[in-house]
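Worksheet: one structure, shown below.
Here, each number is a calculation from the coordinates, and none is a lab measurement. Computed from a prediction, not measured in an experiment: that's the story for all the values here. Cβ: placed from backbone, ideal geometry, glycine included. Neighbour counts: every protein chain shown.
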Amino acid sequence: MPFVSHRGQRIHYTVEGSGPLVVLQHGLFMDAASWKANGIIDALAGRHRVVCVDSLGHGLSDKPAEARLYDQDQRAGDLAAVIDALGEDRAAVFGYSMGAWMAVGLAKHYPHKISSLIVGGWDLVNGVPKTPQGPLTFDLFMAFARATAPALVAWVTPEIEPAMRACFDTLAQLDGAPEAVLSGDFPVLLWDGAQDPYHAPMQAFAAANGLPFLSSEGGHVPAIETPGAETVAALAAFLDG
């Protein structure tokens with residue numbers, strides 16, 4: 001069971017297949033195993049060495065409560081440490097939601113580690129959508145998640161909740177994200193489900209900046225939990241390229 005130690009924290013990851021390295025980074029409340037469940041690993045492992053990372057606070061990785069450990073530069077460093085541990089200079093990196101925020105952080109702080117980049121289920125300009133009353137808070141977000149996707153958050157015990165709060169709060173760290181994505185020496189694909197609040201702003205961002213944009217069925221969670229065969233094939237084709 002592979003782990004890498006970075007900044008005193010153990011980060012767990014899985015490895016499957018062989019070939020050019022692809023790093024998959026899950027979203028909030030998910031884990032490395034979610035990429036197997038949704039078919040992404042199986043679509044890639046015949047041609048790639050597919051690495052799925054448990055973000056700090058998730059899966060088998062450490063779950064400290066200290067908020068600063070979840071800052072974007074720190075967690076981008078976790079991804080860089082995994083790539084280094086596998087003996088590679090660069091990797092194709094595919095992040096979804098919080099994982100896309102982490103992948104953008106890698107583009108910001110370690111651009112030389114990226115050979116290609118998929119930013120899925122994330123608005124890299126505006127971040128988490130606002131409510132009519134103002135910014136979306138972690139407490140409101142957790143209440144919504146428990147009401148609409150209870151299975152997704154069933155594992156979040158009171159002991160783990162501080163780590164999840166830190167994960168959520170650091171998503172507000174957006175400075176330099178568009179510049180990092182647009183100035184990197186690697187191809188970029190943006191992807192969102194058509195019912196995802198991030199879809200319209202990222203489709204507009206892609207069009208304004210000449211980036212490819214993949215639109216699929218589903219809202220924020222369904223788009224990644226049950227992506228259609230055509231969507232999986234399109235994502236795999238980009239990573240193959």
Compute the distance from the alpha-carbon center of the stretch 1-59 to that of the stretch 63-128, in whole Å. 12
Residues with amide H under 5 Å of G95's amide H, sequence separation 5 or more or different chain, H placed in the peptide plane at 1.01 Å from N; which? Q25, I118, G120
Of A76, A147, A85, which is the most mobile in a GNM of the chain whose springs link Cα atoms less than 10 angstrom apart? A147
Of C167, T148, W122, whose Cα points farthest to the positive end of the dipole of the stretch 3-240 (charges on the beta-carbon: +1 Lys, Arg; -1 Asp, Glu; origin at the Cα centre)? C167
Report, largest value first, the span of the C-alpha coordinates of the stretch 3-240 along each principal axis, in whole Å. 43, 40, 32
So which GluC sites (Glu not before Pro) in the stretch 16-125 are both in a DSSP loop and have at most 15 other Cβ atoms within 10 Å of their Cβ? E66
If you consider only alpha-carbon coordinates, what radius of gyration and Dmax does the stretch 80-126 have, in Å? 10.5, 35
For the stretch 85-150 the trypsin sites (Lys or Arg not before Pro) that pass both the DSSP coil test and the at-most-12 other-Cβ-within-10 Å test are K130
Which of the aspartates and glutamates could a cross-linker span from K63 if the Cα-Cα distance has to be under 16 Å and same-chain partners fewer than 8 positions apart are dropped? D31, D54, D71, D78, E159, E161, D169
Test of understanding: in a Gaussian network model of the chain with alpha carbons linked when under 10 Å, which of M102, M142, M202 would top the mean-square fluctuation ranking? M142
For the stretch 185-241, state the semi-axes of the equivalent ellipsoid (square roots of 5 times the eigenvalues of the alpha-carbon gyration tensor), sorted largest first and rounded to whole angstrom. 18, 16, 7
FRET efficiency, S183 to T157 (Cβ-Cβ, R0 41 Å, nearest 0.05): 0.50
Which of rounded, prolate, oblate describes the stretch 152-219, given a ≥ b ≥ c as roots of the alpha-carbon gyration tensor eigenvalues and a/c under 1.5 marking rounded, otherwise prolate only if a/b is larger than b/c? oblate
Go ahead and estimate [θ] at 222 nm for the chain from helices alone: -39,500 (n - 2.57) per DSSP H run with n ≥ 4, summed, over the residue count, rounded to 500. -11000 deg cm²/dmol
